[in-house]
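Take a look at the structure set out below.
Derivation of every value follows stated rules applied to the coordinates shown; laboratory data play no part. Given the structure is predicted, the values throughout are model-derived calculations rather than measurements. Positions of Cβ are generated from backbone atoms using ideal geometry, with glycine treated the same way; all protein chains shown enter the neighbour counts.
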Amino acid sequence: MYGKLGVYEPTRLGPTVRVRVTISPCYLTCARQPVPPQREMAHGSFPERSRAMILYPAIDLKDGQVVRLLKGDMEQATVFNNDPAVQAEAFQKAGCAWLHLVDLNGAFAGHPVNGAAVEGILAATDVPVQLGGGIRDIATIEMWLAKGIARVILGTMAVETPDFVRKAAQTFPGRVAVGLDARKGRVATRGWAKETSMMVTDLAKAFEDAGVAAIIYTDIDRDGAMQGPNISATAALAQATDIPVIASGGVSSLADLIALRDTGMVSGTILGRALYDGALDLGDALKVLA
Ligand code: AMZ
């Protein structure tokens, strides 16, 4: 399906439709996402950057529930919904074009933990879904893409094994994003429990031309804090790389969204606690950026 600007827009078919694919197992994707999403894969192209920012409502999963953490601390979790699929349906009904899912237990464990909740969301919605948390090998990527995830997010592996990310991005074009989550510019991994000395910008540059669809940059100290996003750091990152940058952490008002948009460089933003607290209405946010 092609949008207003002639750019491919990913869609998902209904959950009951299946296609038979006879090519490489890499492309054994389920019918919900039969064509790799390329909405953000044309990195380096100005049309992508000048297009409207994509809003990604976040559904963070802990013990099968929808939660928000404060600065990534599992001990400071607020449960917002016991039924992730209901939450996802509500976001879809409000008009979002994508969903952003995090398997929080998975990020700590290093393998998927909230798989049933993710599958429930896939069954209840048909917008493209990106998912991070505990995705650390090709088999897991393949499994999620086959189940209908549009794009996987690799965080820990991007720091610990960048070559793996390059290989994954080549194997699954347009379907691998990198999650760079940082405190004071330095990337943290493994559920943000492990500090590294890697600078976000250096790491982002290491993936230039690797074919990753997007970089999701989270300022950990802003995450769940409702104090506004780190606009200067996000813009500096977007300036330093041709890969589309998605902002995450701290977005709490329409003014924040407008400020991100007005950088002219940010391709999208994750919305979390502000939606759950009611500080921001998803419909209003979508209208402001339309
Ligand atoms: O909040 C946290 N403690 C947290 C979180 N939201 N820890 C990891 N994550 C997210 C990252 C990224 O989307 O923002 O998990 C993903 C990375 O997981 P992994 O397993 O690849 O490092």
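What to note about this one:
- Annotation: extensible slack from ASP63 through ALA116 equals 18.0 nm (criterion: 0.36 nm per residue apart, minus Cα-Cα distance).
- Within straight-line cross-link reach of LYS287, aspartates and glutamates at Cα separation under 18 Å, skipping those fewer than 8 residues along the same chain: ASP256, ASP262
- Relative to the Cα centre, the charge distribution of the range 57-147, modelled as +1 at Lys and Arg Cβ and -1 at Asp and Glu Cβ, gives a dipole magnitude of about 160 debye.
- Paramagnetic label zone (point 7 Å from Cα along Cα-to-C-beta, SER253; backbone N under 20 Å) in the range 62-101: none
- The slack in the chain from LYS205 to ALA240, taken as 0.36 nm per residue of separation less the alpha-carbon distance, amounts to 11.9 nm.
- Student exercise, the range 51-289 dipole from Lys, Arg, Asp, Glu Cβ charges, in Debye to nearest 20: 240 debye
- Straightening the chain between GLU160 and ARG183 buys 6.6 nm, computed as 0.36 nm per residue apart minus the Cα-Cα spacing.
- Cross-link pairs LYS71/LYS194; LYS62/LYS205; LYS62/LYS167; LYS71/LYS184; LYS167/LYS205 - those with Cα-Cα distance over 20 Å: LYS62/LYS205; LYS62/LYS167
- Cβ charges +1 (Lys, Arg) and -1 (Asp, Glu), total dipole of the range 229-290, debye: 40 debye
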